[in-house]
């Protein structure tokens, strides 16, 4: 499983942590990477209008969010997020994607080592007082929302569906 070492853990909190890590790295991230491949370099910074962020901007924003909420928040790392800088297009798409992949991978590996005590601990993240579980729920929801936006932008750029699922024996199977 692409760098995730899933081990037997007990309790709902630990199961939730494993699910969040799996969801980010094995469901959302592959859809983003597929979308990026589909639009190529020409579509990475494209936006249909000024109020809609590009795929590149959304990838940079997701990197900042995951880093702040998981690595610097719940996992206790240190760093300064310059959130406003995430929303300006520019830079090398390969570097933006590599940073997202690295950040998600490191976050998921660190999540799998969290204890239930950390998950019930209260943190101050981005001006909010949240438990570790609330922070993970926020990241999963936020990541999923922007993954959907990225997929939609790729569909608009391509002018057709992405066919993320194919029917095999009448059962939809992932195709990313």
Query raised in the report: Would you say residue 113 is over 19 Å from residue 28 (Cβ atoms), under 19 Å from the mean Cα position of the chain (by Cα) and buried (at least 19 other Cβ atoms within 10 Å of the Cβ)?
Result: no
Requested in this report: Identify the residue in the range 46-67 that is touching a residue at least 60 places away in the same chain (Cβ under 8 Å) and more than 20 Å from residue 33 (Cβ to Cβ) and, among all such residues, is surrounded by the fewest Cβ atoms within 10 Å (Cβ to Cβ).
Outcome: 48
**Report entry** Selection from the range 89-120 of residues that are touching a residue at least 24 places away in the same chain (Cβ under 8 Å), more than 30 Å from residue 45 (Cβ to Cβ) and not in a helix (DSSP H, G or I)
**Finding:** 112, 114
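So is residue 119 modelled with pLDDT under 95 and under 30 Å from residue 11 (Cβ atoms) or not?
yes
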Query raised in the report: Given (1) more than 12 Å from the chain's Cα centre (by Cα); (2) buried (at least 19 other Cβ atoms within 10 Å of the Cβ); (3) within 23 Å of residue 17 (Cα to Cα), where does residue 70 come up short, assuming only one miss?
Result: (1)
**Report entry** Residue check, residue 77 over 15 Å from the mean Cα position of the chain (by Cα), closer than 20 Å to residue 139 by Cα and part of a loop (DSSP other than H, G, I, E, B)
**Finding:** yes
Query raised in the report: Would a scan of the range 150-172 turn up a residue that is more than 19 Å from residue 28 (Cα to Cα), assigned to a loop (DSSP other than H, G, I, E, B) and in contact (Cβ under 8 Å) with a residue 12 or more places away in the chain?
Result: no
Query raised in the report: Among the residues of the range 127-137 satisfying the criterion of being surrounded by 15 or more Cβ atoms within 10 Å (Cβ to Cβ) and out of contact with any strand residue (DSSP E or B) (no Cβ under 7 Å at 6 or more places or on another chain), which is farthest from residue 58 (Cα to Cα)?
Result: 133
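The values are calculated or read from the model by the stated rules, or taken from the named source; none is laboratory data. Every value quoted in this text rests on a predicted model; they were computed, and no experiment measured them. Reconstructed Cβ throughout: ideal geometry from the backbone, glycine too, with neighbour counts over all protein chains shown.
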